[in-house]
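The values are calculated or read from the model by the stated rules, or taken from the named source; none is laboratory data. Here the structure is a predicted model, which means the values were calculated and not measured. Positions of Cβ are generated from backbone atoms using ideal geometry, with glycine treated the same way; all protein chains shown enter the neighbour counts. We work out accessible area using only protein heavy atoms, side chains counted, and drop any ligands, DNA or RNA first. Shrake-Rupley method; radii C 1.70, N 1.55, O 1.52, S 1.80 Å.
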Amino acid sequence: LHIPNLSTERGIDLIREAKKMGLNVSCSVGLPHLFFDDSHVEGYNPNLKIFPPIRSKTDQKALQAGLLEGTIDMVSSMHEPMNIEFKKLEFENAAAGSLGLESCFGILNKVFPLDKVLSFLTRGVKCFNIPSPTIAIGATADLTLFNPEISYRYSVDDLKSTSKNSPYLGLELQGKVLGSFNNGILTLND
């Protein structure tokens, strides 16, 4: 059983108990829940309206700790693009959802050490029994190119998505994905 997007300290406690009982359970935490707490929602930015909602600072710290200790198996970017007409509304009436994929590495690298970030972003391979790519002569390239040292202010110009509903706009990010080899095809981020 995989439980996506844990958002509370109590949820982590339940997962921890289930794992101690030997149950085959895994879970993920959403990127926004690791970075934002309910104080960020005070301005009613509709880009911060997500489901499950942003929780308290106590929950945020517990989620970060649960991820570091391994109770939480992986991170979800919670990438949910929305048409502008669903987000350019009062907070109460806006649709839940935000962009997260394009900023995920830069946000995680801002909060956690690089070795942990790489682990968080690759743990799903083991949890879901996905064959792990190998680097070998004749193997199909499947690599991500990144620079963890690049620091930049995240702006609309960085968004590749046609949607623009990112709660991370205007933030200083640490680390940038430069491109990838996927199925032997090189794609560079401009």
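Return yes or no: is LEU23 outside any helix (DSSP H, G or I) and exposed (fewer than 13 other Cβ atoms within 10 Å of the Cβ)?
yes
Please go through segment 102-113 and give me each residue that is open to solvent by 40 Å² or more (accessible area, probe 1.4 Å), assigned to a loop (DSSP other than H, G, I, E, B) and not acidic (Asp, Glu), ordered by number.
PRO113, the sole residue that qualifies.
Here are THR140, THR134, THR71, THR144: which of them is loosely packed, with under 13 Cβ neighbours inside 10 Å, in contact (Cβ under 8 Å) with a residue 12 or more places away in the chain and hydroxyl-bearing (Ser, Thr, Tyr)?
It is THR140.
Please verify whether segment 48-65 includes one or more residues that are part of a helix (DSSP H, G or I), open to solvent by 10 Å² or more (accessible area, probe 1.4 Å) and under 16 Å from ALA96 (Cα atoms).
Yes: one or more hits.
For segment 74-101, enumerate the residues that are open to solvent by 30 Å² or more (accessible area, probe 1.4 Å) and of a type in the set (Val, Ile, Thr).
ILE84 - this is the single residue of segment 74-101 that is open to solvent by 30 Å² or more (accessible area, probe 1.4 Å) and of a type in the set (Val, Ile, Thr).
Has segment 29-41 got at least one residue that is out of contact with any helix residue (DSSP H, G or I) (no Cβ under 9 Å at 6 or more places or on another chain), acidic (Asp, Glu), under 25 Å from SER163 (Cβ atoms) and not in a loop (DSSP other than H, G, I, E, B)?
no
Being surrounded by fewer than 13 Cβ atoms within 10 Å (Cβ to Cβ), at pLDDT 95 or above and not in a strand (DSSP E or B) is the filter here, so list the residues in segment 156-190 that pass it.
Scanning segment 156-190 gives a single hit, GLY170.
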